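FYI, it's all coordinate maths here, none of it is from the lab. Since the structure is predicted, the reported quantities are computational estimates derived from the model, not experimental observations. Glycine gets a Cβ as well: all are built from the backbone with ideal geometry, and neighbour counts include every protein chain shown.
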Amino acid sequence: MILGLCDRFGCLPSQVLAEEASVLRLLRLEALGRREGES
Amino acid sequence: MGFKRKLYSVTWPEGHALHGLEVTTKGLSIEGLVEMTRAGEEITRAPDVDAKVAAAGKLLAGFSGRLVAWNLEEDDGTPVPATAEGVADQDMQLMVDLITAWMDAVASVDTPLPSASPNGATSATAPVMEASLPMVPLSPSPSS
């Protein structure tokens with residue numbers, strides 16, 4: 001998960017780990033809104 | 001005017017065992033969430049009691065360090081302080097349930113879609129978390 005977020009936001013693991021966990025809610029909301037087959 | 005950090009308020013809907021409890025917390029970092037998730041897993045999986053106790057201590061410390069306020073009361077109506085001592089003095093199972101629900105609320109989204117739930121939780125009983133953003137009442141609609 002951490003490395004995936006690093007790829008996604010182009011930052012280091014230390015930056016990802018310091019980010020608020022509420023960003024995970026945003027990612028899940030985005031995933032819920034994504035249509036099937038859409039990347 | 002000074003800067004106020006964002007706080008989160010977690011409540012539980014009617015029908016949930018924790019309904020009526022209101023918990024206000026500071027934000028949780030991804031690192032904090034990962035550490036607390038690990039501690040939660042250690043409580044159930046650790047082979048010896050010492051490791052379980054250490055993991056429980058980590059979980060309680062992680063939560064109490066972010067707890068700002070709650071309306072939890074003792075049986076005699078005395079408010080439980082929102083401190084490490086207040087948290088440590090509570091029933092362990094209640095705290096584990098509360099902390100687990102809080103961690104879920106921090107990182108997950110209550111989906112409105114009907115879905116199978118292995119642990120019995122549904123969107124109707126999931127905790128509700130909202131950030132404490134300043135709110136003002138909406139102005140009346142011109143059509144009403």
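At full extension, A:L29 and A:D7 could sit 6.1 nm farther apart than now, given 0.36 nm per residue minus the alpha carbon distance. This model, with +1 at the C-beta of Lys and Arg and -1 at the C-beta of Asp and Glu, gives region B:1-75 a dipole about its Cα centre of some 520 debye.
Can you pull the mean other chain C-beta count within 10 Å for peptide B:33-46?
So the per-residue partner count for this stretch is 1.
Computed with the Debye formula from one identical point scatterer per Cα of region B:8-116, without solvent, the log10 of I(q)/I(0) at q = 0.18, 0.21 Å⁻¹ comes to -0.95, -1.22.
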